[in-house]
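All remarks here apply to the structure that follows.
No lab work stands behind these numbers, since they all come straight from the coordinates. Just so it is clear, the model here is predicted, and its values are computed rather than measured. Positions of Cβ are backbone-derived with ideal geometry, glycine not excepted, and every protein chain shown enters the neighbour counts.
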Amino acid sequence: MTTLRATTTTWTGPGRIEREQLVQFGVWMFLATVVMLFAAFTSAYIVRRAGTDWRSIAMPSVLWLNTIVLGASSLAAEVGRRAAERSRWSAARKGFIGAVLLGVVFLGGQLAGWRALAELGVFVPTSPQASFFYMLTGVHAVHLMAGLVVLLVTLPALRAAGGPTLGAVSPGVRARLAATFWHFFGALWVYLFVLFAWF
């Protein structure tokens, strides 16, 4: 009991709210930098699209299925977040584990999509759009892997008694931030998919 009390007081003592607000601010600042990065990429894409050598590429069909997989992963993370809000730690853990597994499936689908394009003879130097496609989906995949790490490090906090915490942040807040992080990159993928499929 002494050990449990020692771990839980790290996020129930004085200054907890301030610490959690600081962590939340850091997460939102990071996501803001990602927005600016992809906004810059989008601007370059639109400007380059006006070139006479622009040739559109067909999106591999696996990417449509992959979009559904990532949407299901985001839904699982949301289920985990809502369960954590109600202190249903077992359900929260299952939700986040499901999100992680579906996220790994999504990354596998990305590799399949790149392989399908390669089989059609579409590589980075094939055309300007191909270059942008490989670059932007690659950068997104790297960020998504970071999102998987965030989900994984959240799992230890989602134990029956609240579990140990990292950075003195309560399990519920950790779950909310992890889900927000994951939803963001899911929405970013939808944005990229629409950009490449219709523009």
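Points worth noting:
- Order of Thr154, Thr52 - criterion: other Cβ atoms within 10 Å of each residue's Cβ, fewest first: Thr52, Thr154
- Distance histogram in 10 Å bins (all Cα pairs of the chain, percent per bin): 9, 31, 29, 17, 10, 4, 0, 0
- Between Thr42 and Ala72, the contour length at 0.36 nm per residue exceeds the alpha carbon distance by 8.2 nm.
- Here the spin labels are modelled as points 7 Å beyond Cα on the Cα-Cβ line, and at Ser61 and Arg82 they lie 3.4 nm apart.
- Fully extended contour minus Cα-Cα distance, from Val27 to Met135, at 0.36 nm per residue: 36.5 nm
- Label zone at Glu119, where the point sits 7 Å out along the Cα-to-Cβ direction: the stretch 54-68 residues whose backbone N lies under 14 Å: 60-63
- Neighbour counts of other Cβ atoms within 10 Å put Leu144, Leu22 in the fewest-to-most order Leu22, Leu144.
- Overall dimensions of the stretch 59-110 as given by Cα atoms, namely Rg and Dmax in Å: 12.4, 42
- Ranking of Ile68, Ile57 by neighbouring Cβ atoms within 10 Å, starting from the fewest: Ile68, Ile57.
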